[in-house]
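*Asks:* Mind having a look at this structure? Questions to follow.
The values are calculated or read from the model by the stated rules, or taken from the named source; none is laboratory data. Everything numeric in this text was worked out from a predicted model, so none of it was measured. Note: ideal-geometry Cβ built from the backbone for every residue, glycine included; neighbour counts use all protein chains shown. Ligands, DNA and RNA are stripped out before the accessible areas are found, and what is left, the full protein with its side chains, is counted by its heavy atoms. Shrake-Rupley method; radii C 1.70, N 1.55, O 1.52, S 1.80 Å.
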Amino acid sequence: MVQRIAVLICCFNRKAQTLACLARLCQQQVLPTLPFTLDIHLLDNGNDGTWQAVREQYPQVRVMQGQADWYWNTGMRQLWLQIMEDQHDFVLWLNDDVILDDDSITRLLSNYQLEQTKSQQSTVKGPGSQIGAIIGAMREPMVGHRAEIAVEKAADVVSKAANEAVSYGGRNSVSTWHPTAFGPLIPISTVNVDCDFINGNFCLVPRAAIAKIGILSSDYSHGMGDYDYGHRLKQAGFRLVVAAGSYGECASHPFASSIYNADLPFKKRLASLNRPNVLPPASEWRRYLRQHGGPVWPILWLKTYIRQWFPWLWLWLRQRHQQVHTPSDKRRVLIVQPMFKQYRQEFFQLLAEKLKQNQIELVFCYSEPVPHEAVKADNIVQSDFEFTQVVPYRKFGPIFWQPLPKLSEFQLVVVEQANKYVQNWRLLLRRALGIKPLLAFWGHGFNHQQRGGWKEWIKRKVVARADGFFAYTKPVADYVQAQGFAKHSIFVLNNSIDTKAFAKQVAQFRQGRAVNDKLVLIFCSALYQDKQLPLLLASAKRLYQLGLIERLIVLGQGPQQDLCEQLAHEPWLDYRGALFGEAKAQAFSEADVMFHPGLVGLVILDAFAAGLPFITTDFVGHSPEIAYLQPGINGFQVALDELALIDIIRTLQQDRDLLAKLSAGAFASASLYSVEAMADAFADGVIKLIAPARDIA
C-alpha cells in the first residue's frame, strides 16, 4: 500500500536554505517494499522571493504566502488547516533549514512500522502502545554521517552512532512533580527510543493521532507548539519515539542563550525578550505551564509575571544566576603536544568546533619543533587558531619539559604517552593524590619500533594510572586494555588526516594521463633510518634496470636526504624534496604504486586517497596505521628483502587487472578513515570522561 504523506514546511527569508531543503526532500529514495508519495506544502512568510523561486524550480510544491508575524507554530497550523480534508496517512513536519539524508523518510517509515508491529504483537495492550509521533534526530552540520554506518574491516572501525552531535530530537522528563522540566537531547542510538518531549524539525505524525487530538494548538505562536503537541499525544495515550539513527543535518539555534551574554548591550538583550523565537511570550508560557506543569504550576507562574512586568529585573536575576554558576559549569580541556604537525591542523579545527558545540573549550599547547624535527619541514610554528598556545620548552638530553597553564582551570588534560615528558609525571602524581584535572593519554600504546627494554616496562606499569586513553587504532586499544586499563575509558580514534581536498586535487591532475607499460612508483615520508632508504633506492634501481618501472618519485626531507641528493642525477630517481598542497598532489597523480619498504605511518592514508596500492614489508617497527593495510585488497606486505619487493612490483606490472583491483580497494579504504570521524571519536571520549567528573564535583 502506497503511503500518502503531507509535508508541511514554513520559511522566512532563507531562500537558499529553503531551496536546499527542498532539493534533498524531492530526491528521497523510495523502496518498492515501502512505497510512499509526498504532497509538499510550503508557507512563505518572508519577502526575499522564495515563493517565486520555489514555483519555478519545484512546480509540484504547493506554495502559500503568509505573514511576517506568523512564527513556526502559527504557520504550520495555517498549512495544516488547508489539508485537513485530504486524508493523508501521515503529516510530516519539516524545518526549512534541514538537509535530509537521501533515505531519511524511508528509514523513518520503516522504524514506525517496526514499532507498530511490536505493539500489535505485544501481549500488553492499552494506552501508550500506539505511536503518536516518531521523530528523526538531527545532526550538527559537518560532524558525522548516518549513525548506523559501521565498518568491521581491517582496523575494526566502530559504529559512529555515539560520536554524532545531536542538534534536535527528543528529550525525557527529569521530574514527576515538575513535568515540564526536561533533560538533555537523547543521544543518537541504534535502536528506537521512547521520549517525553519532541522537536518539530523532522517529525512524522500518523493519521490516527491527528484524528484523536487534532492539529497544533492555536495557543502558541512559535517554539512551544511542538512540546505542547507531544504532551497532548502522551495524555491521549500515544507514544513518542525517537527513531534509530540520525536523519539529516540542522544547525542548532541557541537564541535564548544570547540574552544572558553580558558582552551584548543590556538594552539589546532586553528588547530581544519580546521576540517569540527567543523566548515564548509570557502569556503563552503561563498557558503551557497551566496545561502541563503539574502541581507546581502556580509557583512557576510567578516567574512569568516577573518577566512580563519587570523584564529588567528578571534578566538581571537570570544573568546573575548564570554568572554564579559559570565557574563550576565551564568545561575546558587541555591538550599538550611537543609540536604542531601540519597534518593535524584540520583535526584540531574540527575537534575545537565539536567540543564547542558541547560547551567545552579546547586549549591546545605546543612548542616550536626541536632541531631534528624542524628539518622535516612539516610543522606549524605559529598558529592563528584562537585555541592554540605556543609555550617554550626545555630539553635536557632525552628529557622534555613544557610549562602548563593553570591546571585548576581544566577538567581534563590529554598528553602524549611517553616517558620523556616531565609534565606527564607531574600529572600522574596529582592523580595518585586524587587531585584534578583528569588525565588521559593519547598515543601508540607502546613503542612499535622497540617493544622491549626498561622504558617499555615503565610505560606498561603507568598506563593504567590515567583516567582515559585515546588509542590510535583498535590493536592499540586491545594492547592498552591488556595492561589493565578499563575498556569503557579507552577510545579508538582510527588515526587519520584530512585527505578529501588532496584526493580531489590528485584526480584533477590525473585527468588525461597517458597509460605507460612501465610503472611509476612514489615514496613520501620524512627521510630517516627507519624508512629503509638504502633498500628503497636499491630496489628501485634494479626495477628500472629490469624495465619494470619508469622512475621512483621521492618526496620528503630529513637526516638521510643526502642519500637521495647524491643519486638525483640518475634517470630512475625523481627526488623533489618536501612538497605540500598541489605540488604534492601532482606528484601522486603521476604514480601508479606507493612503494614504502620501511616504517609505515599516516602516509598510507594519502596513498589510499590517491587510489595507489600500498606496497610495504614486514618491517617490525611499523606505526599503528599498518592496521589499515589489507593484503590483496589495497596493497601487499612482503618480506623485508629486495627480491621480494622486485617480485611484487613485477607482478603488478604484468597483471594490470590486479593493479586495478588494488587501486579500487585503496579508494574504498580511503572512505573508511577520515579526520572527521577521528575528531568525532576524540570529542566523544572527552565528553564521556568529563561528564562523570562534573557529577562528582
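*Asks:* Read through the list (1) surrounded by 15 or more Cβ atoms within 10 Å (Cβ to Cβ); (2) without any contact (Cβ under 8 Å) to a residue 40 or more places away in the chain; (3) not in a loop (DSSP other than H, G, I, E, B), then give the number of the only condition that residue 485 fails.
*Replies:* Checking residue 485 against (1) surrounded by 15 or more Cβ atoms within 10 Å (Cβ to Cβ); (2) without any contact (Cβ under 8 Å) to a residue 40 or more places away in the chain; (3) not in a loop (DSSP other than H, G, I, E, B), the one that fails is (3).
*Asks:* I'd like the full set of residues that are part of a helix (DSSP H, G or I) and crowded, with 16+ Cβ neighbours inside 10 Å, limited to the stretch 465-474. Let's see the steps before the verdict.
*Replies:* Our first condition is that a residue be part of a helix (DSSP H, G or I); within the stretch 465-474, this holds for 465, 474.
Once the filter is applied, which keeps residues that are part of a helix (DSSP H, G or I) and crowded, with 16+ Cβ neighbours inside 10 Å, the stretch 465-474 yields only 474.
*Asks:* Something else now. Find the residue count for the stretch 193-235, including only residues that are outside any helix (DSSP H, G or I) and open to solvent by 30 Å² or more (accessible area, probe 1.4 Å). Spell out the reasoning first.
*Replies:* Our first condition is that a residue be outside any helix (DSSP H, G or I); within the stretch 193-235, this holds for 193-206, 214-223.
Adding the requirement that they be open to solvent by 30 Å² or more (accessible area, probe 1.4 Å) leaves 193-194, 196, 218-219, 222-223.
Total meeting the criteria: 7.
*Asks:* Next up: Kindly indicate which of 353, 386, 368 is part of a loop (DSSP other than H, G, I, E, B) and farther than 30 Å from residue 529 by Cα. Don't jump to the end; show me each part of the working.
*Replies:* Working: 353 fails: part of a loop (DSSP other than H, G, I, E, B); 368 fails: farther than 30 Å from residue 529 by Cα.
Every option except 386 fails the conditions.
*Asks:* What is the number of the single condition among (1) at pLDDT 70 or above; (2) outside any loop (DSSP other than H, G, I, E, B); (3) of a type outside the set (Lys, Arg) that residue 244 does not meet?
*Replies:* Condition not satisfied by residue 244: (2).
*Asks:* Also: If you take the residues of the stretch 56-65 that are in a strand (DSSP E or B) and open to solvent by 50 Å² or more (accessible area, probe 1.4 Å), which of them is nearest to residue 223 (Cα to Cα)? It would help to see each step written out before you state the result.
*Replies:* At the first step, the residues of the stretch 56-65 found to be in a strand (DSSP E or B) are 62-65.
From the residues that got through so far, the ones that are open to solvent by 50 Å² or more (accessible area, probe 1.4 Å) too are 62, 65.
Values: 62: 24, 65: 21 Å.
Looking at the filtered set, the residue picked out is 65.
*Asks:* When you look at residue 4, is it surrounded by fewer than 21 Cβ atoms within 10 Å (Cβ to Cβ) and either within 33 Å of the chain's Cα centre (by Cα) or touching a residue at least 60 places away in the same chain (Cβ under 8 Å) (or both), yes or no? Steps first, answer last, please.
*Replies:* Working: surrounded by fewer than 21 Cβ atoms within 10 Å (Cβ to Cβ): yes; either within 33 Å of the chain's Cα centre (by Cα) or touching a residue at least 60 places away in the same chain (Cβ under 8 Å) (or both): yes.
Criteria met by residue 4.
*Asks:* What single numbered condition from (1) under 29 Å from the mean Cα position of the chain (by Cα); (2) outside any loop (DSSP other than H, G, I, E, B) fails to hold for residue 29?
*Replies:* (2)
*Asks:* For the stretch 554-586: of the residues being without any contact (Cβ under 8 Å) to a residue 60 or more places away in the chain, of a type outside the set (Gly, Ala, Ser) and assigned to a helix (DSSP H, G or I), which is surrounded by the most Cβ atoms within 10 Å (Cβ to Cβ)?
*Replies:* Per the criteria, the residue is 564.
*Asks:* Six or more apart or on different chains, Cβ atoms under 7 Å: show the pairs whose first residue is in the stretch 492-521 and of a type in the set (A, V, I, L, M) and whose second is outside any loop (DSSP other than H, G, I, E, B) and open to solvent by 20 Å² or more (accessible area, probe 1.4 Å).
*Replies:* 492/474; 497/343; 503/670; 519/550; 519/653; 520/550; 520/551
*Asks:* Looking only at the stretch 587-598, which residues are part of a loop (DSSP other than H, G, I, E, B) and either open to solvent by 10 Å² or more (accessible area, probe 1.4 Å) or of a type outside the set (A, V, I, L, M, F, W, C) (or both)? Please lay out each step first, then the result.
*Replies:* Of the residues in the stretch 587-598, the ones part of a loop (DSSP other than H, G, I, E, B) are 590-592, 596-598.
Matches in the stretch 587-598: 590, 592, 596, 597, 598.
*Asks:* Hey, among 647, 680, which residue is part of a helix (DSSP H, G or I), modelled with pLDDT of 90 or more and buried (at least 17 other Cβ atoms within 10 Å of the Cβ)?
*Replies:* On the way: 647 fails: buried (at least 17 other Cβ atoms within 10 Å of the Cβ).
Exactly one residue qualifies, and that residue is 680.
*Asks:* I've got another one for you. Assess whether residue 611 counts as being at positive phi, outside any helix (DSSP H, G or I) and open to solvent by less than 40 Å² (accessible area, probe 1.4 Å). If you could, list the steps in order and put the result at the bottom.
*Replies:* Numbers: at positive phi: yes; outside any helix (DSSP H, G or I): yes; open to solvent by less than 40 Å² (accessible area, probe 1.4 Å): yes.
Yes, satisfied.
*Asks:* Sort through 68, 53, 133 and tell me the only one that's touching a residue at least 12 places away in the same chain (Cβ under 8 Å), open to solvent by 60 Å² or more (accessible area, probe 1.4 Å) and either more than 22 Å from residue 196 (Cβ to Cβ) or not polar (S, T, N, Q) (or both). Step through it out loud before you land on a result.
*Replies:* On the way: 53 fails: open to solvent by 60 Å² or more (accessible area, probe 1.4 Å); 133 fails: open to solvent by 60 Å² or more (accessible area, probe 1.4 Å).
When all the criteria are applied, what remains is 68.
*Asks:* Follow-up question, since we're still on this one. Under the condition of being open to solvent by 50 Å² or more (accessible area, probe 1.4 Å) and not in a loop (DSSP other than H, G, I, E, B), which residue from the stretch 531-548 is nearest to residue 375 (Cα to Cα)?
*Replies:* Step by step, filter the stretch 531-548, then rank; the result is 534.
*Asks:* Moving on to the next point. Give the residues of the stretch 610-663 that are acidic (Asp, Glu), free of Cβ contacts under 8 Å to residues at least 12 places away in the same chain and closer than 15 Å to residue 542 by Cβ, sorted by residue number.
*Replies:* Selection gives 647 alone.
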